[in-house]
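The values are calculated or read from the model by the stated rules, or taken from the named source; none is laboratory data. Since we're looking at a predicted model, the values are computed, not measured. Cβ: placed from backbone, ideal geometry, glycine included. Neighbour counts: every protein chain shown.
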Amino acid sequence: MEKTYFPLDRMRAERTPFYYYDVKLLDNTLETVRRTADYPGFHVHYAVKANANPEILKRIAASGLGADTVSLGEIKAAIDAGFPAPKIVFAGVGKTDEEIAVALEYGIGCFNAESEPEIEAIEAIAKEAGKKAPVALRVNPEIDAHTHHYITTGLAENKFGIPLPMLERLIERCLKSEWIEFKGLHFHIGSQVTDLTPFKILCERINELQDKYKGIEFASINVGGGLGIDYDDPDKNPIPDFRSYFSIFHENLKLRPGQQVHFELGRAIVAQCGSLISRVTYVKEGIGKKFLILDAGMTALIRPALYQAHHKIENLTSTSSEEVVYDVVGPICESSDTFGTDELLPLSKRGDLIAMRSAGAYGEVMASSYNCRVLPGSLFSR
Ligand code: LLP
């Protein structure tokens, strides 16, 4: 029922490469999130970093989610799309004075602070503005999320969060401050987490901390994002298993009365609704190899080059029943500009439309103009 339907006539009229978004799938995903996160005190934010396309943001804002941001640019994009400022949280290890001042002025819901000098900067800026800043502390929980090393964030060696041994002193510092309203604790263990066990371990770690700091009020616990998706079979699993994900937190987190739990999901919300659509520029014969050279490269979708990620590749227009093995590559002058090696695809020809599936998250938003390429556009289902 959820299988993505590609409107080929509309696609043929578009300049490639572009991102195609199945907005019905996005809406169904959002509806599933709403239904499965319906536990007392649960608040879901969308991690804007996954996809900041204004149309996508508007739909997500309209569904009632909050926003998780990491720069002033993202805060502005979220506000423009209709997210109310109090539902915006602001994370990141390097918030600048300007970003802090403007976010404070907007009245965002929470700064997730990651270091002592950042707490000092927030305090000084709040004092100058005469306005208390809502602050939670991002804790480095030292949990291995078993994901690609570029996207794990909760290990002691990562730059993210406050190391556990420093936490108590910094909580005290926030509590003493006249210019900080201390909100609670923030965590994020990593991204594309498909085995849910690390989330259970996170709950246990949070329970231990809540026991340790019994006398301290944590109005909110933010558990971050990270729920992974099925890159191999997007049509079989178009909507991630949000039910199991949220129930892990419901069952394992020992919340105090009235305590809020915040989530910051990016990939799980937008990945499956997006595909990168490109055309075959050439079919090239190599020595013992055939290359499909596309007009999209790592500048349109950098995940394969950067994380050795694999997106399912489909030829949308070939009518051939013959199958051929190809290396599917882009036009960029880098060897890592490869989407797949030894891909079994229907016999393909110059001009065929190729879809790179599950590209709605960290796709369009990470595109660059390296080699002076034009940024990919976007097309939406009706
Ligand atoms: N919260 C924080 C503090 C984060 O750092 C992230 C992602 C999220 C939430 C959202 O995580 P998600 O639910 O999307 O897993 N570009 C990489 C992923 C980088 C993720 C960075 N942080 C990729 O293409 O796989």
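Descriptive notes on the structure:
- The test for being touching a residue at least 60 places away in the same chain (Cβ under 8 Å) and not in a loop (DSSP other than H, G, I, E, B) holds for Phe246.
- When the strands (runs of 3 or more DSSP E) confined to the stretch 36-98 are screened for residues that are crowded, with 23+ Cβ neighbours inside 10 Å, in the same structural domain as Ala136 (by TED's automatic domain parsing) and in contact with a Gly (Cβ under 6 Å, 6 or more places away or on another chain), those reaching at least 1 such residues are found at 42-47, 88-90.
- Residue within the stretch 148-165 that is at positive phi and modelled with pLDDT of 95 or more present: no
- Within the stretch 271-286, the residues that satisfy the criterion of being more than 16 Å from the ligand (Cβ to nearest atom) and at pLDDT 95 or above are Ile277, Ser278, Arg279, Val280, Thr281, Tyr282, Val283, Lys284, Glu285.
- Residues that are of a type outside the set (A, V, I, L, M, F, W, C) and more than 18 Å from the chain's Cα centre (by Cα) within the stretch 351-382 comprise Gly351, Asp352, Ser369, Tyr370, Asn371, Arg373, Pro376, Gly377, Ser378, Ser381, Arg382, listed in sequence order.
- Here Ala305, Ala309, Ala268 are screened, and the one residue that is crowded, with 24+ Cβ neighbours inside 10 Å and either modelled with pLDDT under 95 or outside any strand (DSSP E or B) (or both) is Ala268.
- Residues in the stretch 201-211 include at least one that is within 14 Å of the ligand (Cβ to nearest atom) and more than 20 Å from Leu30 (Cα to Cα).
- Listed by position, the strands (runs of 3 or more DSSP E) enclosed by the stretch 313-382 that each have at least 1 residues that are without any contact (Cβ under 8 Å) to a residue 24 or more places away in the chain are 338-346.
- Inside the stretch 170-224, residues that are more than 25 Å from the chain's Cα centre (by Cα) and among the basic types (Lys, Arg) make up a count of 4.
- Among the residues of the stretch 216-237, the ones that are of a type outside the set (A, V, I, L, M, F, W, C) and crowded, with 22+ Cβ neighbours inside 10 Å come to 5 in all.
- The residue that is surrounded by the most Cβ atoms within 10 Å (Cβ to Cβ), counting only those in the stretch 99-116 that are more than 20 Å from the chain's Cα centre (by Cα) and of a type in the set (Asp, Glu), is Glu99.
- Breaking point among (1) surrounded by 18 or more Cβ atoms within 10 Å (Cβ to Cβ); (2) over 22 Å from Asn371 (Cα atoms); (3) away from the ligand (no atom under 16 Å from the Cβ), for Leu292: (2)
- Search result, residues across the stretch 249-265 that are within 12 Å of the ligand (Cβ to nearest atom) and either assigned to a helix (DSSP H, G or I) or aromatic (Phe, Trp, Tyr) (or both): Phe263
- Selected residue (criterion: farthest from Val33 (Cα to Cα)) from residues of the stretch 206-240 that are in a loop (DSSP other than H, G, I, E, B) and basic (Lys, Arg): Lys214
- Matching option when the condition is within 16 Å of the ligand (Cβ to nearest atom), closer than 17 Å to Pro17 by Cα and touching a strand residue (DSSP E or B) at 6+ places or on another chain (Cβ under 6 Å), among Ala355, Ala359, Ala367: Ala359
- Top-ranked residue in the stretch 5-27 [being assigned to a helix (DSSP H, G or I) and buried (at least 17 other Cβ atoms within 10 Å of the Cβ); ranked as farthest from the chain's Cα centre (by Cα)]: Met11
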